[in-house]
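Notes follow the structure.
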Amino acid sequence: MRLLEFQAKELFREYGINLLDSKSSTNIEDGRKHAKELGYPFVIKIQVPVGGRGKAGGIQKCQNDDEFEIKYPQVMDLTIKGEKARAILLEKMADIKKELYLSLFLNRSKRCYTIIASAEGGVEIESVKNQIIKEVGLGEVSEDIAREVAKEMGLEGRTIEGFVDTLKKLSKLTIEKEAELAEINPLAIMQDDSIMALDGKFVTDDNSNFRHEELEKYQEKTEIEERAEKSGFSLVELDGDIAVVGNGAGLVMSTLDMLSDNGGKPACFLDVGGGATTESVYEALTLISKIDRVKGILVNLYGGIVKTTVVAEAFLKAYEDNLIDLPVFSRLKGTESEKAKEMLQGSRTKIFDSVEEAINAAVMGVKN
């Protein structure tokens with residue numbers, strides 16, 4: 001789960017990392033109230049889960065009411081790398097002496113966290129030559145390591161103390177929330193030599209989110225995804241035109257990958273789960289029918305705990321009720337699969353012996 005900047009900064013503030021005054025909004029009316037509360041000048045920042053906001057015009061300086069009335073709607077209406085604005089952050093202007101870069105990320109190959117720091121900030125870290133990289137294990141960063149990084153960056157005096165404090169707090173946050181990445185870019189040295197986080201990126205590990213109820217408020221789910229969760233199965237909307245249905249997250253994920261490798265574009269990930277019933281699968285099909293961009297359904301099912309006949313019954317009921325009129329491309333294996341195939345003969349479901357054949361047919365089917 002990738003948090004937006006204002007969400008990351010909410011966590012930064014909880015852990016005592018220095019921030020400028022800021023307020024987030026999703027409409028211009030609230031924005032006007034926040035503008036009065038903050039006072040000019042401030043920066044208007046689009047909130048999207050992608051980088052490159054500044055180059056795309058998503059970060060604008062604002063000096064007065066007239067500029068606000070022009071720039072706020074302009075920024076709100078932007079689309080950056082296919083992402084529309086989720087919110088707008090108004091943040092006080094900063095008097096900066098120098099910009100730094102700081103991040104902690106989970107290095108899975110080495111099974112540890114790694115610090116990346118640089119005396120050059122405000123740009124993509126890939127373009128920075130003088131990077132300081134330190135592997136620091138899975139515990140919090142110690143005072144000694146934090147000071148070592150600060151000195152390698154050439155920091156001095158009060159700035160060292162501010163940097164050490166920020167790195168230790170960022171490390172504590174990262175470890176306690178089991179994050180994959182925590183990044184501050186830029187981390188600014190102010191004119192008084194204090195340290196301030198001017199931006200924030202925070203990516204959590206989805207596999208650990210069940211241990212962090214406090215992060216649930218940051219999960220953005222569509223109405224369809226929320227309804228799926230209440231019905232006991234997993235559905236994630238994607239931007240393609242082929243709905244992918246299976247039982248078991250691993251099976252569905254591998255099917256998604258195979259579909260993409262063969263030129264198909266998934267419209268959703270749908271895992272009916274091990275406790276699927278005819279009713280829950282019917283509900284799943286109901287939700288698929290509400291995704292307008294879906295042109296076909298790809299089913300990859302391996303019957304174990306879930307009988308394939310349960311799924312077949314749901315599809316037949318959906319056809320009978322005119323719930324779906326899309327072509328369905330299916331591979332059925334496992335418990336009662338032969339019976340399920342018999343049940344679906346003559347229906348709109350096309351049965352294939354292998355998932356590869358079903359995928360190829362689905363890709364070609366939605367193009368025609």
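The values are calculated or read from the model by the stated rules, or taken from the named source; none is laboratory data. Keep in mind the model is a prediction, meaning the values are calculated, not measured. Cβ sites come from the backbone with ideal geometry, for glycine too, and all protein chains shown count toward neighbours. All accessible areas refer to the heavy atoms of the entire protein, side chains included, with ligands and DNA or RNA removed. Shrake-Rupley method; radii C 1.70, N 1.55, O 1.52, S 1.80 Å.
Data table
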| quantity | calculated |
| --- | --- |
| With Cα atoms, 0 to 90° folded angle of helix 308-320 axis to the chain main axis | 80 |
| Cα-projected label distance for Asp206 with Lys61, points at 7 Å along beta-carbon direction, nm | 4.1 |
| Protection proxy ranking, peptides 146-157, 60-71, 240-251, average beta carbon neighbours within 10 Å, highest first | 240-251, 146-157, 60-71 |
| Residues with amide H under 5 Å from that of Asp199, placed H, sequence gap 5 or more | Asn185 |
| Check: the chain dipole with +1 on Lys, Arg Cβ and -1 on Asp, Glu Cβ, in debye | 440 |
| Protein accessible area in the range 10-164, 1.4 Å probe - carbon and sulfur % | 46 |
| Potential lengthening between Glu83 and Val50 on full extension [0.36 nm per residue; Cα-Cα distance subtracted] | 11.1 nm |
| Helix 5-14 vs. the chain, principal-axis angle (Cα, 0 to 90°, nearest 10) | 60 |
| Charge context of Thr308, other residues only, Cβ under 12 angstrom, K/R +1, D/E -1 | +1 |
| The range 244-313: GluC sites (Glu not before Pro) in DSSP coil with no more than 10 other Cβ atoms inside 10 Å | none |
| Heavy-atom accessible area per residue - the chain, 1.4 Å, Å² | 49 |
| Alpha-carbon centroid distance for the pair the range 60-126 / the range 10-32, whole angstrom | 13 |
| DSSP-assigned coil residues among trypsin sites (Lys or Arg not before Pro) in the range 201-239, each with at most 14 further Cβ atoms within 10 Å | Lys221 |
| Tilt relative to the chain, helix 355-367 - C-alpha long axis, 0 to 90 degrees, to 10 | 80 |
| The range 41-142 - charge dipole about Cα centre, Lys and Arg +1 at Cβ, Asp and Glu -1, debye rounded to 20 | 500 |
| Sorted peptide list for 18-27, 165-174, criterion being average Cβ within 10 angstrom, highest first | 165-174, 18-27 |
| Inter-label distance, nm, simple model (7 Å from Cα along the C-beta direction), Thr277/Lys97 | 6.7 |
| Gained length - Ser234 relative to Leu138, 0.36 nm times residue gap less alpha-carbon distance | 31.5 nm |
| Ordering of 176-188, 329-341 by packing [mean C-beta count within 10 Å, highest first] | 176-188, 329-341 |
| Sulfur and carbon atoms: percent of accessible area, the range 177-287 [1.4 Å] | 47 |
| Centre separation in Å (Cα based) which lies between the range 165-234 and the range 286-348 | 38 |
